[in-house]
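The values are calculated or read from the model by the stated rules, or taken from the named source; none is laboratory data. This structure is a prediction, so every number in the text was calculated from the model and none was measured. In this analysis, Cβ positions are derived from the backbone assuming ideal geometry, glycine residues included, and neighbour counts consider all displayed protein chains.
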Amino acid sequence: MKESITARQLSTLVGTLPAGTAYVGLADQLTLLIGDGRIPLGVRLPSERSLAAALGRSRTTITRAYLALRDSGYARATQGSGTYTAVPGGRRQAHDRVLVAGGAGEDWIDLSCAADSAPAEVMAAYTAALSDLPTYLSGHGYFPSGLRVLQEAVAAAYQVRGLPTAPEQIIVTPGALSAASIVVRALASRRGHALIESPTYPNAAETLRAAGLTLHETPLGLTGWDMAGMMHTIQQARPDFAYLVPDFQNPTGAVMTTDQRQQLGRCLQAHGVAPIVDETHQALALDGQAMPAPFACFNPDTITLGSLSKAFWGGLRVGWIRAPQPLLGSLTRARMSLDLGVPIVEQLAAAHLLRQGTVSPGQIQRLRAQRDALMQAVATHLPDWRFVPPAGGLALWCELPCRGATALAAAMTVKQVAITPGPVFSPDGGLDAFIRLPWSRPVADLRQAVDRIALAWRSIATHALDLPASRQHKPIRLVMA
């Protein structure tokens with residue numbers, strides 16, 4: 001049965017139309033709603049007559065708006081059935097399957113990538129950026145450290161969080177992973193050592209390893225960091241760097257307390273260890289709670305990485321490095337050996353977004369609803385799986401009652417669901433009793449995915465502990481977000 005949306009529901013989502021030609025404003029509003037996922041693909045739109053009554057507009061306005069949607073590829077008409085939402089080029093073009101193992105059909109649900117679709121503010125930011133662009137067209141267009149307006153916006157966001165920051169301390173990059181690459185390129189020796197959490201963001205681990213660093217793991221449990229164990233590792237391994245994700249840690253969702261930040265900050269400084277702190281998820285506090293002060297407040301040597309990819313949209317490739325003043329020269333030279341700057345339009349859009357806030361309120365509401373639906377579905381259909389309800393971030397870190405996460409991930413390709421097993425997040429393997437489940441999909445997709453996962457898990461759980469080593473599946477290595 002095809003989903004539909006009522007005229008009343010759609011009129012609530014549309015809200016007040018902007019000034020100007022009515023059908024153009026309505027078409028633009030509907031394009032944003034479809035593009036950012038608030039109206040899912042394949043949903044039947046209300047009849048022209050009913051929507052005209054709900055919006056208090058003429059039927060001609062609705063007819064022309066629907067026609068504009070169809071012409072732009074955001075709707076399709078079915079003879080005798082109605083008008084359905086779509087995206088230009090179809091669903092396959094809208095969702096890049098590079099992040100998915102194997103092929104993908106219309107029913108494929110990708111839970112391998114912890115990143116949601118863009119909120120409406122992103123389109124508005126790009127529109128504002130294009131208006132600002134002519135100011136820069138008379139120059140060369142190269143800004144290796146970033147546009148001043150964006151550096152100021154990022155610095156102001158740190159000031160609000162209690163961390164005094166000069167705009168010059170910000171180096172704009174194409175995302176947080178690029179920022180990490182610049183840091184290790186500038187500062188790491190190929191014989192160096194780095195402390196890294198386990199589990200952790202796999203691409204960061206690969207970046208450190210590719211720089212020639214020897215990795216020393218410090219484990220995280222479901223309840224967070226083992227501070228005593230971490231201190232011991234620091235004292236024994238004497239690492240040059242510590243890569244940390246203290247805010248909604250990826251993948252566990254844990255948040256380092258203020259006391260832990262103070263304790264660890266002092267320890268790292270005492271042993272000459274440079275903290276590389278990834279704050280990509282920091283703004284995603286879903287329950288309205290206050291977050292601890294930035295780690296750099298407790299250790300002035302901290303190099304902080306940030307990004308708009310999680311708070312707004314992964315396609316907005318804008319991140320940054322906040323660095324201590326003495327390191328800026330080395331970092332800028334390393335950055336220029338890789339590229340000469342982030343595109344101007346993206347930087348202007350990012351500055352526009354940050355001036356409004358570090359996250360979209362609508363995005364927070366949507367992610368909260370999706371998180372709650374996912375937790376309820378897992379608790380209902382997979383009651384023997386354990387997890388700590390996360391207060392933010394983008395993913396649920398689930399502990400299975402036995403090993404078998406890798407086998408389950410492999411089995412889920414038949415069920416057309418992409419999930420990521422624990423070993424992907426462990427620099428040295430292991431963690432095969434864990435699964436990461438992002439809530440970065442619509443509620444209906446999440447519930448359907450859990451239904452399929454539960455069906456597959458029941459079929460393999462009784463054999464998960466008995467598989468001989470020779471028959472264990474190798475970890476699936478995906479390009480992860």
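Here are the numbers for the structure shown:
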{"item": "Subset of segment 368-398 that is among the charged types (D, E, K, R) and closer than 23 Å to A461 by Cβ - its residue that is farthest from the chain's Cα centre (by Cα)", "result": "D384"}
{"item": "Yes/no for P427 being assigned by TED's automatic domain parsing to the domain that holds P390, of a type outside the set (A, V, I, L, M) and assigned to a helix (DSSP H, G or I)", "result": "no"}
{"item": "Residue selected from segment 125-164 under the condition of a type in the set (S, T, Y) and in contact (Cβ under 8 Å) with a residue 12 or more places away in the chain, by the criterion surrounded by the fewest Cβ atoms within 10 Å (Cβ to Cβ)", "result": "Y142"}
{"item": "Condition met for V414 (at pLDDT 95 or above, over 26 Å from T218 (Cβ atoms), of a type outside the set (G, A, S) and out of contact with any strand residue (DSSP E or B) (no Cβ under 6 Å at 6 or more places or on another chain))", "result": "no"}
{"item": "Selection from segment 292-303 of residues that are out of contact with any Gly (no Cβ under 6 Å at 6 or more places or on another chain) and either without any contact (Cβ under 8 Å) to a residue 60 or more places away in the chain or outside the structural domain of L187 (by TED's automatic domain parsing) (or both)", "result": "P292, F295, P300, D301, T302"}
{"item": "Qualifying residues in segment 215-253 (those that are assigned to a loop (DSSP other than H, G, I, E, B) and of a type in the set (D, E)) - the one surrounded by the fewest Cβ atoms within 10 Å (Cβ to Cβ)", "result": "D226"}
{"item": "Filter result for the condition that a residue is in contact with a helix residue (DSSP H, G or I) (Cβ under 6 Å, 6 or more places away or on another chain) and either of a type in the set (A, V, I, L, M, F, W, C) or over 20 Å from V359 (Cβ atoms) (or both), over T214, T207, T173", "result": "T207"}
{"item": "Tally of residues being within 15 Å of the chain's Cα centre (by Cα) and closer than 20 Å to P361 by Cα across segment 282-318", "result": "17"}
{"item": "Members of segment 254-282 that are within 28 Å of P421 (Cβ to Cβ) and part of a loop (DSSP other than H, G, I, E, B)", "result": "A254, V255, M256, E279, T280, H281, Q282"}
{"item": "Which listed residue, of A188, A157, A211, is at pLDDT 90 or above and not assigned by TED's automatic domain parsing to the domain that holds P389", "result": "A157"}
{"item": "Condition broken by I276, with the remaining ones in (1) in contact with a Phe, Trp or Tyr (Cβ under 6 Å, 6 or more places away or on another chain); (2) surrounded by fewer than 21 Cβ atoms within 10 Å (Cβ to Cβ) satisfied", "result": "(2)"}
{"item": "Any hit, segment 352-365, residues being more than 19 Å from A153 (Cβ to Cβ), free of Cβ contacts under 8 Å to residues at least 12 places away in the same chain and among the polar types (S, T, N, Q)", "result": "yes"}
{"item": "Every pair of residues 6+ apart whose Cβ atoms lie under 7 Å, when the first sits in segment 265-276 and is assigned by TED's automatic domain parsing to the domain that holds A293 and at negative phi while the second is assigned to a helix (DSSP H, G or I) and small (G, A, S)", "result": "I276/A180"}
{"item": "Candidate set: segment 350-369, residues that are out of contact with any helix residue (DSSP H, G or I) (no Cβ under 6 Å at 6 or more places or on another chain) and not in a helix (DSSP H, G or I); chosen: the one surrounded by the most Cβ atoms within 10 Å (Cβ to Cβ)", "result": "V359"}
{"item": "Restricting segment 386-417 to residues that are part of a helix (DSSP H, G or I) and of a type in the set (A, V, I, L, M, F, W, C), the residue that is surrounded by the fewest Cβ atoms within 10 Å (Cβ to Cβ)", "result": "A410"}
{"item": "Residue list for segment 1-14, filter: more than 31 Å from the chain's Cα centre (by Cα) and outside any loop (DSSP other than H, G, I, E, B)", "result": "A7, R8"}
{"item": "Filter result for G212 (crowded, with 16+ Cβ neighbours inside 10 Å and either closer than 22 Å to A334 by Cα or touching a residue at least 40 places away in the same chain (Cβ under 8 Å) (or both))", "result": "no"}
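The rows are residues; the columns are (1) assigned by TED's automatic domain parsing to the domain that holds P199; (2) at pLDDT below 85; (3) surrounded by fewer than 24 Cβ atoms within 10 Å (Cβ to Cβ).
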residue: I419; (1), (2), (3): no, no, no
residue: P438; (1), (2), (3): no, no, no
residue: L455; (1), (2), (3): no, no, yes
residue: L465; (1), (2), (3): no, yes, yes
residue: A481; (1), (2), (3): no, yes, yes
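Here is a yes/no grid of residues against (1) in contact with a strand residue (DSSP E or B) (Cβ under 7 Å, 6 or more places away or on another chain); (2) more than 30 Å from V388 (Cα to Cα); (3) assigned by TED's automatic domain parsing to the domain that holds A285; (4) surrounded by 22 or more Cβ atoms within 10 Å (Cβ to Cβ):
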| site | (1), (2), (3), (4) |
| --- | --- |
| G306 | yes, no, yes, yes |
| W313 | no, no, yes, yes |
| R317 | no, yes, yes, no |
| A323 | yes, yes, yes, yes |
| A334 | no, yes, yes, no |
| L348 | no, yes, yes, yes |
| R371 | no, no, no, yes |
| M375 | yes, no, no, no |
